[in-house]
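For reference, the structure discussed in these notes is given below.
Only the coordinates and a few stated rules stand behind these numbers; no lab work does. Note that the coordinates shown come from a computational prediction; the quantities given were computed from them, not determined experimentally.
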Amino acid sequence: PKLLQAKQAADLHSPGFNQRMVAEVMKDGFLERHVPGIRALYKGQRDAMLEALSREPRTLVFYEAPHRILEAVADLAAAFGATRELVIARELTKKFETYHRGTAAEVLAHFQSHPPKGEIVLLVHAPE
């Protein structure tokens, strides 16, 4: 109920919507921790976090800026393996909402030739 209220109260097209939604989800106990973006952390922190998350049995969700997405996917490929499945969701809840799915290597190759724009949500499939 609180999640639905937050969604209804928020302007779905505002840049901060995802962050407000995450705050509500965390407050209600549905999410254990939130990392604002893989590349937002210093290298040592990022490497330690990715090492710890590499064995996480659940799907991982990250928010990343479009200008940092190539480096973020490269970091994930290095930490989790190039064959780990990813989904890049762009501009969620907006007119130009798109999804790109593939292995870390495939997603990296795609976005090297098609630089993304807008808000990015990066989903990482749980390990097999």
Checklist line | Note, ³J(HN,Hα) from phi for segment 52-57, Karplus 6.51, -1.76, 1.60, rounded to Hz, x at Gly and Pro | finding: 5, 7, 4, 9, 4, x
Item checked: Cα gyration tensor category, rounded, prolate or oblate, for segment 81-128 with a/c compared to 1.5 -> oblate
Next item on the list: Determine the relative contact order of segment 41-128: mean sequence separation of Cα pairs under 8 Å and six or more apart, normalised by residue count, in whole percent.
Entry: 40
